[in-house]
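K.L.:
This is the structure I have questions about; it appears just below.
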Amino acid sequence: MKLKIAIQKSGRLNEDSIKLLKEAGIEFNNGLNKLKSEAVNFPLEVFFLRDDDIPQYIEDGVADIGIVGENVVMEKNKEVKIVDHLGFGKCRLSIAIPKNQNYEGIQDLNDKRIATSYSMVLSNYFKKNKISAEIHEISGSVEIAPGIGLADAVCDLVSSGSTLFTNGLKEVEVILKSEAVLISNNNLSKEQDLILKKLLFRITAVKKAKNNKYILLNAPNKNLDAICKILPGMKSPTILPLADNGWSSVHSVVNENEFWDIIEKLKDKGAEGILVVPIEKMIL
Ligand code: PRT
Ligand code: ZN
């Protein structure tokens, strides 16, 4: 029994999807540039597909699980479930209008023509907000629609914002925040579900490790209490005596988000020789 995973064949999510599987310790021996590849050390088969097709294939059970943007999951609206958020491919689906136009609020979109590749998500959004606008479904280069007179506004994915900027548009509403997610068929067998759980366990360990750093520092013994209070650690920090009397080496794990804050506090309490090391896997 193997679990079949569908990932993007080429595009923005392809590399990070493969990287995630590799970091989860899954190895492939026959190259990753074909239609299909088999893992050598895990019961997993990889299918390479266009991202738009992945939800349908999973609903139909052609693949069991897949990696796609949440935006695609919402737009395709298939019978699949999101089992994990993967932390890459972050973007937002936003409405943008020509930058010299006034915008007071969402009611300004009434009776406007809006170009998008996300007509499902957009029409739901308009329904919810009681806006009546005309949605023009187009499949690519949405951002040029206002410039060529095809639409008054666009609804498209944004990450840095530079595409909107170069096309003279400004973002006025964010309608969806998105990142890559792991989705699954709703009716996995017990055996398939077990493989998925094993995979999720590994993915969790990889994600945790990315969000945390291992920290080692030297601390004067008189400040050890104060320093331990600053450091969360997995249980509590490890403390080892240094050969130098009156000093200890303290080891702990800190979260990326609090990292610089913690470093400053540690220095205030006399910590020296601070080393910060990446963690490869983290299992709690
Ligand atoms: O061939 P296939 O159909 O598989 O790929 P695709 O061309 O449909 O998708 P692709 O590879 O462009 O994007 C795959 C997924 O990446 C999307 O579904 C999103 O979940 C995610 N993602 C993250 C993005 C972006 N960031 C992004 N910036 N997808 C598209 N963009 C485009 C956007 O459409 C716009 O044209 O980039 C432009 C805006 O970028 P900024 O940086 O200028 O704001
Ligand atoms: Zn696509």
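K.L.:
Mind checking the range 180-284 for GluC sites (Glu not before Pro) that DSSP puts in a loop (not H, G, I, E or B) and that have at most 14 other Cβ atoms within 10 Å?
P.N.:
Passing sites in the range 180-284 are GLU280.
K.L.:
Now a separate question. Could you derive backbone 3J(HN,Hα) for the range 54-59 from the dihedral phi with the Karplus parameters 6.51, -1.76 and 1.60 (θ = phi - 60°), listing whole Hz in sequence and x where the residue is Gly or Pro?
P.N.:
Once θ is set to phi - 60°, the couplings for the range 54-59 become 4, x, 5, 4, 7, 4 Hz.
K.L.:
So for the range 212-278, considering every pair of alpha-carbon atoms, how many percent are separated by more than 13 Å? Kindly include the intermediate steps, with their values, before the conclusion.
P.N.:
Values: 1272 of 2211 pairs.
Result for the distance tail: 58 percent.
K.L.:
Looking only at the chain, where both bridge partners belong to it, what percent of the DSSP beta bridges are antiparallel (to the nearest 5)?
P.N.:
Within the chain, antiparallel bridges account for around 75 percent of the total.
K.L.:
Could you work out the relative contact order of the range 222-274, using alpha carbon pairs under 8 angstrom and six or more residues apart, expressed as a whole percent?
P.N.:
Computed over the range 222-274, the figure is 37 percent.
K.L.:
Give the relative contact order (percent, whole number) for the chain; include only Cα pairs under 8 Å separated by 6+ residues.
P.N.:
Once divided by the residue count of the chain, the mean separation gives 19 percent.
K.L.:
Next up: Modelling each spin label as a point 7 Å along the Cα-to-Cβ direction, I'd like the GLN56/LYS267 distance in nm, to one decimal.
P.N.:
5.6
K.L.:
Now a separate question. Percentage of Cα-Cα pair distances in the range 91-178 greater than 19 Å, rounded to whole percent?
P.N.:
Roughly 27 percent, rounded to a whole number.
K.L.:
Run through the range 33-129 and list the GluC sites (Glu not before Pro) located in a DSSP loop whose Cβ has at most 10 other Cβ atoms within 10 Å.
P.N.:
Sparse-neighbourhood loop GluC sites (Glu not before Pro): GLU104.
K.L.:
Can you tally the net charge around LEU169? Count Lys and Arg as +1, Asp and Glu as -1, for every other residue whose Cβ sits under 13 Å from the Cβ of LEU169.
P.N.:
My count for the surroundings of LEU169 gives -3.
K.L.:
Let me ask something else about it. In whole Hz, with x marking every Gly and Pro, tabulate ³J(HN,Hα) for the range 62-71 from phi via Karplus 6.51 cos²θ - 1.76 cosθ + 1.60, θ = phi - 60°.
P.N.:
Rounded to whole hertz, the list is 5, 10, 8, 9, x, 10, 8, x, 4, 4.
K.L.:
In square nanometres, what is the average projected area of the Cα convex hull of the range 141-203?
P.N.:
If you wrap the Cα atoms of the range 141-203 in a convex hull and average its projections, you get 6.9 nm².
K.L.:
Moving on to the next point. Extension gain ASP111-THR238, at 0.36 nm per residue separation less the Cα-Cα distance, in nm?
P.N.:
39.3 nm is the gain from fully extending ASP111 to THR238.
Any read-out appearing in this document is the output of simple, stated calculations on the displayed coordinates, not a laboratory observation. Because the structure is a prediction, the values reported are computed rather than measured. Glycine gets a Cβ as well: all are built from the backbone with ideal geometry, and neighbour counts include every protein chain shown.
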